[in-house]
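J.: Below you'll find the structure I mean.
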Amino acid sequence: MQDLIVFRFLIPFFLVLFLAIPVISSATDARDVVQLAAREAARKAAVTNDYQAVEQRALNVIQGSGKPIEYAGVTLFDPSTDVTINFYAGDEVAVTVHYRHYLFSPLMLTLIGGKPLGPTIDLQSTAYFEREW
């Protein structure tokens, strides 16, 4: 009987753990893609003054990774608004890439008593390079 009670309390813990692993790994992968997109776009900005080419480079990296640009009617990445390019004195350029990663199981947060984050997780990364032009 005592084993049944222990089992009854451990099952929810393992169930939540089992459901959280794919969500966390998906968010970690998206974070890595956003960091790569920021680095690649900043590198492009360091060698050219073409804003559209910088935005296109970030878009190419995100699409090349297989991440969706739009999902369930929610725009996750729009290069014209989600890529910010700043030129600083001293020939430094900074590119910030913002991406909304769709959380595939918002129900899980409710089940474990957490506050629902909504349909997306906001990810952002900034990369700095020295200008070469």
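The values are calculated or read from the model by the stated rules, or taken from the named source; none is laboratory data. Just so we're clear, the structure is a prediction, and the values are computed from it rather than from any experiment. Every residue, glycine among them, receives a Cβ derived from its backbone with ideal geometry; neighbour counts consider all protein chains shown.
J.: Evaluate the following for residue 96: is it of a type in the set (Ser, Thr, Tyr) and under 22 Å from residue 128 (Cα atoms)?
T.: The answer is yes for residue 96.
J.: I've got another one for you. Filter region 42-59 down to the residues that are touching a residue at least 12 places away in the same chain (Cβ under 8 Å) and either more than 16 Å from residue 88 (Cα to Cα) or in contact with a Ser or Thr (Cβ under 6 Å, 6 or more places away or on another chain) (or both) and list them by number. Walk me through how you get there before you give the answer.
T.: The initial filter retains those residues of region 42-59 that are touching a residue at least 12 places away in the same chain (Cβ under 8 Å), namely 42-49, 51, 54-59.
Result: 54, 55, 56, 57, 58, 59.
J.: Based on this model, can you work out whether residue 16 counts as farther than 14 Å from residue 98 by Cα, in contact (Cβ under 8 Å) with a residue 60 or more places away in the chain and of a type outside the set (Asp, Glu)? I'd like the intermediate steps shown before the answer.
T.: Working: farther than 14 Å from residue 98 by Cα: yes; in contact (Cβ under 8 Å) with a residue 60 or more places away in the chain: yes; of a type outside the set (Asp, Glu): yes.
Criteria met by residue 16.
J.: Turning to a different aspect of this structure: Residue 90 fails exactly one of the following numbered conditions: (1) without any contact (Cβ under 8 Å) to a residue 24 or more places away in the chain; (2) in a helix (DSSP H, G or I); (3) exposed (fewer than 12 other Cβ atoms within 10 Å of the Cβ). What is the number of that condition?
T.: Of the numbered conditions (1) without any contact (Cβ under 8 Å) to a residue 24 or more places away in the chain; (2) in a helix (DSSP H, G or I); (3) exposed (fewer than 12 other Cβ atoms within 10 Å of the Cβ), the odd one out for residue 90 is (2).
J.: Among the listed residues 58, 27, 46, identify the single one that is in contact with a Lys or Arg (Cβ under 8 Å, 6 or more places away or on another chain), aliphatic (A, V, I, L, M) and surrounded by 14 or more Cβ atoms within 10 Å (Cβ to Cβ). Walk me through it before giving the result.
T.: On the way: 58 fails: in contact with a Lys or Arg (Cβ under 8 Å, 6 or more places away or on another chain); 27 fails: in contact with a Lys or Arg (Cβ under 8 Å, 6 or more places away or on another chain).
Of 58, 27, 46, the one residue that is in contact with a Lys or Arg (Cβ under 8 Å, 6 or more places away or on another chain), aliphatic (A, V, I, L, M) and surrounded by 14 or more Cβ atoms within 10 Å (Cβ to Cβ) is 46.
Here is a yes/no grid of residues against (1) within 11 Å of the chain's Cα centre (by Cα); (2) closer than 30 Å to residue 87 by Cα; (3) in a helix (DSSP H, G or I):
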{"site": "13", "(1), (2), (3)": "no, no, yes"}
{"site": "20", "(1), (2), (3)": "no, no, yes"}
{"site": "37", "(1), (2), (3)": "yes, yes, yes"}
{"site": "40", "(1), (2), (3)": "no, yes, yes"}
{"site": "46", "(1), (2), (3)": "no, yes, yes"}
{"site": "60", "(1), (2), (3)": "no, yes, yes"}
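J.: For residue 104, all conditions in the list (1) closer than 21 Å to residue 21 by Cβ; (2) assigned to a strand (DSSP E or B); (3) modelled with pLDDT under 95 hold save one; what is the number of the exception?
T.: Going through the list (1) closer than 21 Å to residue 21 by Cβ; (2) assigned to a strand (DSSP E or B); (3) modelled with pLDDT under 95, residue 104 breaks only (2).
J.: Another question about this same structure. Are any of the residues in region 45-57 more than 30 Å from residue 132 (Cβ to Cβ) and modelled with pLDDT under 95? If you could, list the steps in order and put the result at the bottom.
T.: Applying the first criterion (more than 30 Å from residue 132 (Cβ to Cβ)) to region 45-57 yields none.
So far as region 45-57 goes, no, none of its residues is more than 30 Å from residue 132 (Cβ to Cβ) and modelled with pLDDT under 95.
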